[in-house]
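The values are calculated or read from the model by the stated rules, or taken from the named source; none is laboratory data. Owing to the predicted nature of the structure, the values given are computational and were not obtained by experimental measurement. Don't worry about glycine lacking a Cβ; one is built from the backbone with ideal geometry, like all the others, and counts go over all protein chains shown. Note: areas computed on protein heavy atoms with side chains; ligands, DNA, RNA excluded. Shrake-Rupley method; radii C 1.70, N 1.55, O 1.52, S 1.80 Å.
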Protein chains: 2
Amino acid sequence: MQPPLEPCSRQLAAARQALSQAEIVCQQRGVRLTQLRRRVLEIIWHHSSPLGAYAILDVLRNDGRQGAPPTVYRALDFLLEQGLIHRLASLNMFMGCRQPGAHHSGQFLICQDCGQADELNNQTVEATLHTEAMARHFEVLAQTVEVLGRCLDCQEASRHGD
Amino acid sequence: MQPPLEPCSRQLAAARQALSQAEIVCQQRGVRLTQLRRRVLEIIWHHSSPLGAYAILDVLRNDGRQGAPPTVYRALDFLLEQGLIHRLASLNMFMGCRQPGAHHSGQFLICQDCGQADELNNQTVEATLHTEAMARHFEVLAQTVEVLGRCLDCQEASRHGD
DNA sequence: TATCTATTGTTATAGAATAACATCGAATGA
DNA sequence: TCATTCGATGTTATTCTATAACAATAGATA
Ligand SMILES: [Zn+2]
Ligand SMILES: [Zn+2]
Ligand SMILES: [Zn+2]
Ligand SMILES: [Zn+2]
């Protein structure tokens, strides 16, 4: 897995957009996007791949801010509740959501080589799982759908590398 | 979440069946289902709901066997490799597979109240995720599909409990 | 038997998440 | 303006999950 890169201009733009969207969403809902929460969201968006809580904590400490695990986990809980980020259970990592506002579970393609993750929102997958659950009288509250594999870039890299 | 129950006769029967199937599968593949591995598989099947690694370790120590986390994690790794158990990423727990022999990812309905989990093998879900991945030139290696919710029993229990 | 390899034992540590309590700060009302 | 209140953050300690590294043992092989 490649080391975390400095944010490129595309990422910085995505982060700016995500942050301004988050401001709007939070204002509409009457919840506070505090400095800390905003900074955690920014850190996540500045990174090219999902980040672990302790990696986020390292960046916060690098900022000069004091903090401990609860600091970052509380911010992450808030962002999860507001649907601004997703948690990847198979990685214990967090990534930004590009369609906040409407809560959803999403599905994720995770590259095992470069660590990058792509969000899908396939209605067939979600609906089929709901149907299967209903057939068993099972009440669905949340879905975790994560596909581990290799992205195109990493497939090509490994072909040329061999 | 209810406390772990003693295995009922249905569970004991399921465990016996799973263990004899495991013996066959391992013999066919020329891998060794040792005492330890067999016992860990048995512990998992004797339990009504998915078990964590440290809960399994407690049972092993209760057996009188000495052991530490690597003991149980190595056995779990073996059982996972042979497709005899599944790992639930959203719970950090392990459960037996009722269709071993053919490797598969499966989908899981997990009850947040009683902790029980049901395995599905819905081809539509799997195929749709493959199609979505292919459209993005993403090579699929494994799928994690877990649905959190409430089973029928727990829905009724909560209705009567209120 | 002697040797080799897979398995298990053992100690220590890394990594992820939360409990419990103290402190701070923004908003509200007197 | 000041006091109060409640949400947010700081702080310490602990629990839970998982692995690294090396030693000892047991099964298979020659
Ligand atoms: Zn999303
Ligand atoms: Zn990649
Ligand atoms: Zn299965
Ligand atoms: Zn239940």
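Points worth noting:
- Within the range B:104-121, tally of residues that are facing chain A (nearest Cβ under 8 Å), open to solvent by 10 Å² or more (accessible area, probe 1.4 Å) and more than 12 Å from the chain's Cα centre (by Cα): 1
- Verdict on B:Leu79 being within 14 Å of another protein chain (Cβ to nearest Cβ), in contact (Cβ under 8 Å) with a residue 24 or more places away in the chain, more than 16 Å from ligand 2 (Cβ to nearest atom) and open to solvent by less than 10 Å² (accessible area, probe 1.4 Å): no
- Selection of the range B:122-157 for residues being more than 10 Å from chain A (Cβ to nearest Cβ) and either open to solvent by less than 60 Å² (accessible area, probe 1.4 Å) or in contact (Cβ under 8 Å) with a residue 12 or more places away in the chain (or both) yields only B:Ala157.
- Criterion (farther than 29 Å from B:Arg29 by Cβ and either away from ligand 4 (no atom under 16 Å from the Cβ) or among the aliphatic types (A, V, I, L, M) (or both)) met by exactly one of B:Asp77, B:Asp153, B:Asp58: B:Asp58
- Selection of strands (runs of 3 or more DSSP E) fully inside the range B:21-134 by the criterion of at least 2 residues being acidic (Asp, Glu) returns B:117-120.
- Taking the range B:12-28 as the range and being farther than 13 Å from B:Leu79 by Cα and either surrounded by 12 or more Cβ atoms within 10 Å (Cβ to Cβ) or in contact with a strand residue (DSSP E or B) (Cβ under 8 Å, 6 or more places away or on another chain) (or both) as the test, the residues that pass are B:Leu12, B:Ala13, B:Ala14, B:Ala15, B:Arg16, B:Gln17, B:Ile24.
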